[in-house]
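Asker: Sharing a structure with you now.
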């Protein structure tokens, strides 16, 4: 087979995938799930600067499971989907982001933020920078403070994260029984119960670290 035919085939498959994915998304109310933008697609298919907003229900569940200090930093606030829920639960939230999306303080590069930080940190980090965000967050918070990040279940695996987990083992990993869907550009669909969510084939978890903790993580379930 010629190179031209192979390339043409790849292009047609990609077009077919995009068409099918868009149709499935449009018919969400009649489907159980589809593989959404927060899953294992190629980097070219992901939103610029990796903006996939967190459904409010996920943060509400976290707040019912964990208690945090009164002051919280949300360094990837996007359009405020996590921050607003935290504020509803009575926390003082400092919201920032590298990109201006109309909420919080823009042009703040979390990976350049210097410590020590006497706050807990809660966020849904960019997909491709998750390990760096976790590492940096735990480096800059003071002992006893918590770091909670919404991550895929598969974040537990991989040789590249061995050093991170050896130094900073999670204290608790809350695994979602039901699928949580993060929304590209914050464009959620409303479920039958009135919650904002997106169809997804990805298992998300809240990973909770406590600076200074050593030992084996505890696994719990929610949702």
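The values are calculated or read from the model by the stated rules, or taken from the named source; none is laboratory data. The model shown is predicted, which means the values in this text are computed figures rather than measured ones. A quick note on method: Cβ atoms are made from the backbone with ideal geometry, for glycine too, and the neighbour counts reach across all protein chains shown.
Asker: Across segment 114-129, what is the number of residues that are assigned to a loop (DSSP other than H, G, I, E, B) and over 22 Å from residue 52 (Cα atoms)?
Answerer: 5
Asker: Let me ask something else. Test residue 93 against the criterion of being part of a strand (DSSP E or B) and either crowded, with 20+ Cβ neighbours inside 10 Å or modelled with pLDDT of 95 or more (or both), and give yes or no.
Answerer: Here the answer is yes, as residue 93 does meet what is asked.
Asker: Right, next: Collect the residues in segment 133-148 that are touching a helix residue (DSSP H, G or I) at 6+ places or on another chain (Cβ under 6 Å) and in a helix (DSSP H, G or I), keeping them in residue-number order.
Answerer: 135, 136, listed by residue number.
Asker: Counting just the residues of segment 150-179 that are at pLDDT 95 or above and in a loop (DSSP other than H, G, I, E, B), which one comes out farthest from residue 138 (Cα to Cα)?
Answerer: In this case the residue turns out to be 171.
Asker: Quick one: would you say residue 40 is in a loop (DSSP other than H, G, I, E, B), at pLDDT below 95 and loosely packed, with under 12 Cβ neighbours inside 10 Å?
Answerer: Spelling it out, residue 40 is indeed in a loop (DSSP other than H, G, I, E, B), at pLDDT below 95 and loosely packed, with under 12 Cβ neighbours inside 10 Å.
Asker: Check whether at least one residue in segment 57-72 is at pLDDT below 95, more than 26 Å from residue 142 (Cβ to Cβ) and assigned to a loop (DSSP other than H, G, I, E, B), and report yes or no.
Answerer: No.
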